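Presented below is the structure to which this report refers.
The values are calculated or read from the model by the stated rules, or taken from the named source; none is laboratory data. Keep in mind it's a predicted model, so treat the numbers as computed, not measured. Here Cβ is always computed from backbone atoms with ideal geometry, including for glycine, and neighbour counts include all displayed protein chains. In case anyone asks, the SASA skips ligands and DNA or RNA and just uses the protein heavy atoms, side chains included. Shrake-Rupley method; radii C 1.70, N 1.55, O 1.52, S 1.80 Å.
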Amino acid sequence: MSTTLRIAPSILSADFARLGDEVRAIEAAGADLVHFDVMDNHYVPNLTIGPLVCEAIRPHVKIAIDVHLMVEPVDSLIPLFAKAGANIITFHPEASRHVDRTLSMIRELGCKAGLVLNPASPLDWLDHVMDKLDIILLMSVNPGFGGQKFIPSTLGKLRAVRRRIDAHQAAGGQPIWLEVDGGVKTGNIADIVRAGADTCVAGSAVFGAPDADGGYRGVMQALRQAAQ
Ligand code: DX5
Ligand code: ZN
């Protein structure tokens, strides 16, 4: 698993005044995706960035932009993010009236589609849409802020989703990534990967890295090493 581990730094913890430099720096440091947290002060109690910022960073990196929508309603923003260069779009099922329709819309616009499950959200949301998912994102903190502590019960949930994905693929289904978001650090990434995650978001762990320890490249290597 660790050889295919994808690391997705969350720019929520980046220096927003120098966002172009920041995304170029994480790409140069070996990031696999740019994790892009969209908050609307309605679905979550915080307000961040939208399609204009996605469009602005797009020319600065080649790696995929992983848009995590923490907004309600969801549908009207999807075409805007697809046009702004998003490659992956995930949303919280509680925030969409018609989850199946929203997933289809994301794919029809040429992006990978995924559901995000909060710490207390049941896995039942996955039951009837496995064939429409490219990614499942498990929140290991309650959404809204960077720098929170990893909720340990996420490990059991990861194992359960890993079983579902493996069974789906064994029955001929398409590949589905399993991403985890919130409180991922060098101290817990081994447990997270062992539980079945193949894609790890890391915000404060990456952007809070001290330059003395090799900066972003140093922390990215430390995360990969710890995961092995
Ligand atoms: C929280 C966001 C996360 C957050 C992760 O709502 O979805 O992506 O930025 O930050 P850390 O890694 O600091 O928990
Ligand atoms: Zn996120």
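Miscellaneous remarks
- Translational diffusion coefficient (Stokes-Einstein; Kirkwood radius from C-alpha pairs) of segment 1-132 at 37 °C, 0.692 mPa s, in µm²/s: 214
- Surface exposure of the chain, expressed per residue as accessible area with a 1.4 Å probe, stands at 43 Å².
- Calculated mean residue ellipticity at 222 nm for the chain: -9000 deg cm²/dmol, from DSSP H runs with n ≥ 4 weighted as -39500 (n - 2.57), summed, divided by the residue count and rounded to 500.
- Summarising the label geometry, the points placed 7 Å from Cα in the beta-carbon direction at Ser104 and Glu72 lie 2.4 nm from one another.
- Cβ crowding within 10 Å averaged over residues, with 161-169, 187-195 ranked highest first: 187-195, 161-169
- Segment 203-228-segment 23-98 distance, computed between alpha-carbon centres (Å): 23
- Highest mean packing comes first when the peptides 42-51, 60-69 are listed by Cβ atoms within 10 Å, giving 60-69, 42-51.
- What the pair-distance distribution of the chain shows, using all Cα-Cα distances binned every 5 Å from zero, is 1, 7, 16, 20, 22, 18, 11, 4, 1, 0 percent.
- Global form of segment 1-65, assessed from the alpha-carbon gyration tensor, a/c cut-off 1.5: oblate
- Relative to the Cα centre, the charge distribution of the chain, modelled as +1 at Lys and Arg Cβ and -1 at Asp and Glu Cβ, gives a dipole magnitude of about 420 debye.
- Size descriptors for segment 126-228, from the alpha-carbon set: Rg then Dmax equal 14.8, 49 Å.
- Surface composition of segment 1-159: carbon and sulfur atoms hold 55% of the protein heavy-atom accessible area at a 1.4 Å probe.
- Cβ crowding within 10 Å averaged over residues, with 122-132, 96-106, 200-210 ranked highest first: 200-210, 96-106, 122-132
- Reachable lysines from Lys149, criterion Cα separation under 30 angstrom, eight or more residues apart if same chain: Lys112, Lys157, Lys185
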